[in-house]
Amino acid sequence: MFCLRAPNRFLPRVGGLAALMALLLGTSTAAASGWSTTPSGGSTDSLTAAAIAVELRYGAPPPPSAPLPRDRWLGRDKVKHVVVSGLWTLSTQYVLVNKANWTEADALPVSVASGATIGFLKELYDASRLTGRASGKDLVADAVGIGLAVGVIAL
């Protein structure tokens, strides 16, 4: 059994594909792509098939010494959350009332619920990423955007 050994700990995407091909096709592809093959357990830089699969799916994680960025209350990200959730709620309300012939009272809970669901799913996606994390502050910004949209609808 052979393991692939890379010059550094994490393979770049193209190198990861070449390494996976080398693993499947034999050592000649590895030598052609610049990767060396050693018997299993040869080095601390040896990569298993699972590590290659994770690398291909998520990309290289940041170095362990890199601090996570601060999640500020005020910033461009929070403005995006407010705007997108507000516009989503307004547009859903418009489509339900003007195109589907719903009453405003019937459409409002659906509009609010769809905006909240989109914000929640975005945070689940952020939490599922290898180096990501969910943010309660983003959910608050989503709620502010939905609240502003409800205020506009109530006018």
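Read-outs: derived from the displayed coordinates by stated rules, not from any lab. Given the structure is predicted, the values throughout are model-derived calculations rather than measurements. Note: ideal-geometry Cβ built from the backbone for every residue, glycine included; neighbour counts use all protein chains shown.
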Tyr125 versus Ala113, label points 7 Å from Cα toward the beta carbon: distance in nm?
2.2 nm
Around Leu139: net Lys/Arg minus Asp/Glu count, Cβ-Cβ under 13 Å
-2
Only sites in a loop by DSSP and with at most 12 other Cβ atoms within 10 Å count here; which trypsin sites (Lys or Arg not before Pro) in segment 110-155 make the cut?
Arg129, Arg133
At a Förster distance of 35 Å, what's the computed FRET efficiency of Lys137 paired with Glu104, Cβ-Cβ distance as r, to 0.05?
0.70
Per-residue HN-Hα couplings for segment 148-155 [Karplus 6.51, -1.76, 1.60; θ = phi - 60°; Hz; x = Gly/Pro]:
4, 5, 5, x, 5, 5, 6, 4
How long, wide and thick is segment 76-154, going by the Cα atoms along their three principal axes, in whole angstroms, largest first?
44, 20, 14
Would you list which lysines come within 24 Å of Lys137, measuring only between C-alpha atoms, while excluding same-chain residues fewer than 8 positions from it?
Lys78, Lys80, Lys122
